[in-house]
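In what follows, a single structure is set out as structure tokens and then discussed.
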Number of protein chains: 2
Amino acid sequence: MYDLMNGIGNHEVLIATPHHGPDAFIKDLSQIEKLTGVIIKRMRELKKDQRLKYVLIFKNHGKAAGGGNIPHEHLQLIATPVTPKRVKEELVGSKRYFEYKDRCVFCDMIIQELDQKERVFLEIDNFLAINPYCSRFPFETWILPRKHSCDFDTMSKNEIKSFSRVFQSTMRGMIKTLGNFPYNIILHTSPFRRRKKKGYWETIENDYHWHIEIMPRLTQVAGFEWGSGFYINPTPPEQACAYLKETEKSE
Amino acid sequence: MYDLMNGIGNHEVLIATPHHGPDAFIKDLSQIEKLTGVIIKRMRELKKDQRLKYVLIFKNHGKAAGGGNIPHEHLQLIATPVTPKRVKEELVGSKRYFEYKDRCVFCDMIIQELDQKERVFLEIDNFLAINPYCSRFPFETWILPRKHSCDFDTMSKNEIKSFSRVFQSTMRGMIKTLGNFPYNIILHTSPFRRRKKKGYWETIENDYHWHIEIMPRLTQVAGFEWGSGFYINPTPPEQACAYLKETEKSE
């Protein structure tokens, strides 16, 4: 009934910058480009290990976000022999939407956000930073490529440059608005596709669209959220976005 | 495709005790019995409102658990016009297990725990407190009735007395071991069943088994947990249980 999970995997720490200190990581564009390159390199390398199904890239910053006491900026990579539960849920949801609409849900979100404008924080080249409709958290921000693609690790050199610029500008803007705020960053990308399986595997290239979720941890996740899977967010995304844009313009 | 949600519901604060202070709630057994009675009364009352589908009862204690700055012990009740996502997931999981085994998954867990003993913290009358197999959090503790029942609000007077005793002893033991620790308590019970619907509705009386989850918030939920839905728990439940029992015996 259930897949048995092997006790194998990888856990790697990716050091974000040679410079010590809380902002060093965001200041240097070329360093963000390098780091993106390293992530892609590690993903491609780990893909060769047939036992692994997913590479989860994340960053915890600040105590409230589980960032611990290591002030030198770093990311983490955990490779698992199964596709994680939350990743599967998103893949299944994306597949259902595609079946219903014959379009990618993320492409549709991008069209809607560009049309309504009030939740688009930044637009640089072919990348967007948005405060998504019905955000779970105050100032939750997603970065998405406009070009449909399910794999983070297929970005071209030029795309890496644009992505790094939008990432830097987004983080800078958020820090300018929120100060040295606690956050989790999670890369949402496709699992390794070993062979065509049923379900979300068959159509993943159409259904899914990689993106980055930046989750400020300004409010506590408590009993209601745990018990329901619903989130109480006191800051509507439209308001968060207006605030980010306003601060951006100011000196 | 999706249910539209009405903007209605109830949010109630249940004051746990007339006495001020962090432990007042746990000290007085008759107060726990009264409080249990009040919860049941409110659930039965809210069931009459046909627009409501679920009553979530929870308690946040301590800053790390979203407990805020109200030192007077209280619980919260949130009634929703939909069955919450997490509740549905548990109902669907329970249904699947029943279809596979022809037995309730929680009844099976109880049999297994009583057989293996190493994760049973307390057994009082017909109630158990266990540190469940593969707990997500250090010292996670569940309270379950041995008698199969899907609804918290169908307890008899005697059952309320036994439940209150096991709840008090469990909380006392945990406080003795962990000090004034941050925690979330969540009551897992069935949604209101208005009419027979397909899916988990048809078989809920067989599939589901109410219980209480006490989740100490000693570790941070960070990027890995958010991105994967998996939990890193440094304290195996067997060890937590041994520790709780040991402290229990000591003076």
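All of the numbers you see were taken from the coordinates with simple rules; none came from a lab. The structure presented is a predicted model; accordingly, all values stated were derived computationally and were not measured. Cβ placement follows ideal geometry from the backbone for every residue including glycine, while neighbour counts extend to all protein chains displayed.
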For a quick check of your reading: which strands (runs of 3 or more DSSP E) sit entirely within the range A:136-251 and have at least 3 residues that are of a type outside the set (D, E, K, R) and surrounded by fewer than 18 Cβ atoms within 10 Å (Cβ to Cβ)? none
Taking the condition in a helix (DSSP H, G or I) and either out of contact with any His (no Cβ under 7 Å at 6 or more places or on another chain) or more than 10 Å from every other protein chain (Cβ to nearest Cβ) (or both), does B:E99 pass? yes
In the range A:71-102, anything more than 24 Å from B:W226 (Cβ to Cβ) and surrounded by 14 or more Cβ atoms within 10 Å (Cβ to Cβ) is listed as A:F98
Which members of the range A:201-239 meet the condition of being in contact with a His (Cβ under 8 Å, 6 or more places away or on another chain) and either within 14 Å of chain B (Cβ to nearest Cβ) or closer than 14 Å to A:I130 by Cα (or both)? A:W210, A:H211, A:I212, A:E213, A:G227
Looking at (1) within 14 Å of another protein chain (Cβ to nearest Cβ); (2) free of Cβ contacts under 8 Å to residues at least 60 places away in the same chain; (3) basic (K, R), which one does B:K198 not meet, given that it meets all the others? (1)
In the range A:54-63, anything surrounded by 20 or more Cβ atoms within 10 Å (Cβ to Cβ) and either at positive phi or not β-branched (V, I, T) (or both) is listed as A:Y54, A:L56, A:F58, A:K59, A:N60, A:H61
Could you list all residues from the range A:51-82 that are over 17 Å from A:E12 (Cα atoms), more than 8 Å from chain B (Cβ to nearest Cβ) and under 18 Å from the mean Cα position of the chain (by Cα)? A:G62
Given (1) surrounded by fewer than 19 Cβ atoms within 10 Å (Cβ to Cβ); (2) more than 14 Å from chain B (Cβ to nearest Cβ), A:F25 misses just (1)
